[in-house]
């Protein structure tokens, strides 16, 4: 199985503080990979480097066989690498369906000029976007709230909107940053089911979380602690790893 | 180019530089205390200068009294501004652009009020230390310019002591860095914000009094002064108010040396271009490090 | 007066668009308004070319300048960006004055011919009125089209959450530059029309105050809605007409309106109207 994402010796420090030191890991195509670690382990920094919001001091990020270390966020997105945020980033003034329609940006093509004049292609495209967004609303159970402004929704629903919006963009690798934070137990169960369904559809998922329940869906888990990967393997294995126990429970 | 001319323009540059530094200092004081860029900093100077003028010309009181009156006028205006306008806007949970529009609106209101009530005339105060000047290697240095440098430097030192040594100065910093934390330890955060504006107003008023013998007081002077002060402030690093001195001097010198080579009409164009270039390439000032990338 | 409403709407729409849909505070519109006006004035009076050339020259020049300037400054955001555009307006104001070989300086350029359409000269305000309103309506139509299409969504997404928009594949910097250019072209169009309407242009018409007027249109009317922009420009133009007797008083009034709008009408007239309608709809 070829790796879809390969993080190679990535290091990053802020003002002399080594947040990441030579981190390497792989995400194989297909399936769900988890990345866990206690607070301050460097998960967010690593995630920002993978998605292009930060650059690494050293090391490379290889995606689908290409070095994407110097690519911008939109370029990575066009290549199929899409992320969500720890605090859900919906477009608050847009309705749910409009959020999802905005998610269609990548596989639609009309330019500003065509849009201005409302060309036939432009109008047909909007209809297609609406249909896709509608379908996604159905799939994620958002139909009842589709015309509400996303900013007015409770946190759990905002997460769902963000996830649906990412999926509408047809990602190949979906990176989720703490997708279960702010969700209740029932919602977490729903989220887990949704993730498994997406994985079954062929989307590779990289899951960052410190929620031990949620990471059950991952087949392999990497444990990040003080900027280093200290363990990797299925949940059953790493759970008994003494270093992991130490990191989580303290010495 | 002859040496005297060069020296003369260096002197002008340093003098103007201190004015920009003082305006920039006011902007930095307000920004440090409230995280608001105050687009009406130049208007504090306009009002301060006008009040001082009225005290001297209409009441015939001494210049020292007028200076104090001008400075206080700036302070009162700053406090009132925060109290009446910024605070209600903050309560609404406004963003950066709202504050900018608000302070810009006030800047225009003051400028328009001056136009309406006082008119288009230009006024100038007598210089501190009289109109005479000393001669330094063939170049003339106005006594007033010397006073300006001395007074501005004194203000900057006092402010530094105020922020480093006094309880209230430290509280003002704390209130802007960590609002909730400051409130927890009993700091009256809204009051500290008002005080920041008050302080910014005082500095602005002083700048007005000091600048008016050099450039005339005019209803349109505020905005340009604000922008140049802002350039000085970011050139030196916004969060480092004393950087405004370095920024102001740099700007003043570049401006006056540029005037030697191109027409003086382009002075402001050069300053504004410099402002844009600084914001793009040196957002953290000449002394700052790191970039603003990411996020 | 209603002619001015339409003229200013066109240029103000550019500003409103940037503010409301892209989250960019632009105070540089007076520059592009000036470029349009001077292009029309210079092409028609100095070279004796036909009127449309002035429009084209102005729009092309504005687009080129907006691109050249916008590319670097649109990397900035928030306060820095707004102040950068304000600095641009200052630069524009000085250059319009200093380049008197082109602009006539304080004397200005007079004798700009009236527009004519199919041999029908738009001599009177009424005739101009019937010409300029359809132009404004056309611009509004284009604007509405854009908002409801792919790039309109991208733009609003970028305004609401720039990081998330970038994740969706939107190159926010490029999109902002495109919109800044489009807005400048509108400013130039408004300026050209202005020159032909008043037939005399001078630096006084293109000062920073003018830029504030355009921004006021956007803020007051409510930049997020199309209706708001028209309301805003109506207000900004009609108010001083009612108050002409006050002379120098109206700048003060404008500034007061701006302050009041920022404090009490976060979404402007348009937003207030929308809310009122929604409330009525629910009742």
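Observations on the structure shown:
- Filtered residues of segment C:65-88 (kept if more than 9 Å from chain B (Cβ to nearest Cβ) and either out of contact with any helix residue (DSSP H, G or I) (no Cβ under 9 Å at 6 or more places or on another chain) or under 18 Å from residue B:228 (Cβ atoms) (or both)): C:68, C:85
- The residue list B:202, B:210, B:157, B:223 contains one member that is within 19 Å of residue B:31 (Cα to Cα), away from every other protein chain (no Cβ under 14 Å), in contact with a helix residue (DSSP H, G or I) (Cβ under 8 Å, 6 or more places away or on another chain) and at pLDDT 80 or above, which is B:202.
- Checked against (1) more than 10 Å from every other protein chain (Cβ to nearest Cβ); (2) part of a helix (DSSP H, G or I), residue B:61 meets all criteria but (2).
- In segment B:1-57, the residues that are outside any helix (DSSP H, G or I) and either in contact with a strand residue (DSSP E or B) (Cβ under 7 Å, 6 or more places away or on another chain) or surrounded by fewer than 24 Cβ atoms within 10 Å (Cβ to Cβ) (or both): B:1, B:2, B:35
- In this entry, residue C:199 passes the filter for residues that are away from chain A (no Cβ under 14 Å) and on the phi > 0 side of the Ramachandran plot.
- If you filter segment A:167-200 down to residues that are closer than 16 Å to residue A:219 by Cα and in contact (Cβ under 8 Å) with a residue 40 or more places away in the chain, you find that the one that is surrounded by the most Cβ atoms within 10 Å (Cβ to Cβ) is A:176.
- Checked against the criterion of being in the same structural domain as residue A:40 (by TED's automatic domain parsing), farther than 30 Å from residue A:2 by Cα, assigned to a helix (DSSP H, G or I) and modelled with pLDDT of 85 or more, segment A:153-165 contains not a single residue that satisfies it.
- Condition check for residue C:48 on (1) without any contact (Cβ under 8 Å) to a residue 24 or more places away in the chain; (2) part of a helix (DSSP H, G or I): one failure, at (2).
- The C-beta contact set for segment C:65-81 (first residue farther than 11 Å from residue C:184 by Cα, second residue surrounded by fewer than 23 Cβ atoms within 10 Å (Cβ to Cβ), distance under 6 angstrom, 6+ apart or interchain) comprises C:71/C:177; C:72/B:280; C:74/C:177; C:78/B:96; C:79/B:96.
- In segment C:138-169, the residues that are outside any helix (DSSP H, G or I), farther than 18 Å from residue A:116 by Cα and touching a helix residue (DSSP H, G or I) at 6+ places or on another chain (Cβ under 8 Å): C:168, C:169
- 2 or more residues within 23 Å of residue C:21 (Cα to Cα) and within 11 Å of chain C (Cβ to nearest Cβ): qualifying helices (runs of 4 or more DSSP H) within segment A:36-134: A:73-78, A:96-102, A:112-116
The values are calculated or read from the model by the stated rules, or taken from the named source; none is laboratory data. Nothing here was measured: the structure is a model prediction, and the numbers come from that model. Backbone-built Cβ (ideal geometry, glycine too); neighbour counts: all protein chains shown.
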